[in-house]
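These notes are about the structure you will find just below.
The values are calculated or read from the model by the stated rules, or taken from the named source; none is laboratory data. These figures come from a predicted structure and were not determined experimentally. Neighbour counts run over all protein chains shown; Cβ positions are idealised from the backbone, glycine included.
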Amino acid sequence: MSIKNYRLYIPFNLCEGAIINLDSNLLHYISIVLRLKDNQLIRVFNSKDGEFVAKFSHNKKDSYLTVTSFMQKSKISPYLHLGIAVLKNSVLPEMINQATQLGVTHITLLQTSYSQNHSLNIHRYQKIATEAIEQCGRFDLPNISGPIMLDEFLKVDLDLLIFANEKEIDSKLLKVQNWPERVGLLIGPEGGFSLEEAQKIQKLPHALSVKLSDNILRAETAATALLAQIVLLR
């Protein structure tokens with residue numbers, strides 16, 4: 001029997017023979033969104049146990065997955081912490097989707113002098129990240145949190161903090177020879193960081209100010225561009 005080309009993140013223990021009972025939300029996703037039929041196979045995974053094949057069983061009484069065989073061990077993404085100013089609701093979900101696909105392990109939303117000020121739905125963002133790892137082949141979910149003040153983020157234990165700065169003369173990413181373990185990225189809001197904020201960031205001994213383009217980029221574009229460069233260079 002062929003395996004459906006879908007991956008389903010399961011935040012429970014996975015092993016051969018395990019039975020996963022499906023709640024109404026997960027059943028709706030599998031049967032309506034993915035259109036799986038009774039006895040069809042699907043790939044299930046998490047960051048601790050790896051990836052397995054599971055058989056979908058659906059009848060009037062019960063709906064569950066039976067884990068049938070092991071496929072591969074999980075791969076954990078290297079530490080990459082994105083601190084980004086709160087953006088408009090219209091662009092924030094897609095930014096989280098792209099950052100997750102590019103391997104970010106932590107996303108912290110920041111309040112800065114010029115950032116947006118609106119309520120954040122962290123649960124929704126986590127769901128977007130879950131769908132992203134299912135589609136891109138990744139195993140681990142990024143931790144999404146915030147909003148916190150910029151000063152608090154600058155206290156995070158990092159070996160290198162890459163600061164996207166449109167006023168920088170050139171990109172210094174190519175000069176990074178040995179990439180450290182704990183890397184952070186800092187992206188400002190549409191209006192950029194205030195002068196005081198920029199000076200505070202640049203005074204940090206582990207901060208690296210980089211230029212991304214001759215053009216002034218939107219915040220979500222800057223985040224994706226910087227992440228893509230780091231993935232290639234790291």
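Numbers below:
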read-out	value
Test: residue in the range 10-31 that is within 22 Å of the chain's Cα centre (by Cα), buried (at least 17 other Cβ atoms within 10 Å of the Cβ) and not assigned by TED's automatic domain parsing to the domain that holds Ala129	yes
Residues of the range 51-75 that turn out to be of a type outside the set (Lys, Arg), surrounded by 12 or more Cβ atoms within 10 Å (Cβ to Cβ) and over 17 Å from Ile3 (Cα atoms), as a count	2
Test: Glu196 is exposed (fewer than 12 other Cβ atoms within 10 Å of the Cβ), at pLDDT 90 or above and of a type outside the set (A, V, I, L, M)	yes
Answer residue from the range 32-50, given it is at pLDDT 95 or above and among the charged types (D, E, K, R) and is surrounded by the most Cβ atoms within 10 Å (Cβ to Cβ) among those	Asp49
Residue selected from the range 126-150 under the condition free of Cβ contacts under 8 Å to residues at least 40 places away in the same chain and closer than 24 Å to Arg43 by Cβ, by the criterion surrounded by the most Cβ atoms within 10 Å (Cβ to Cβ)	Ala129
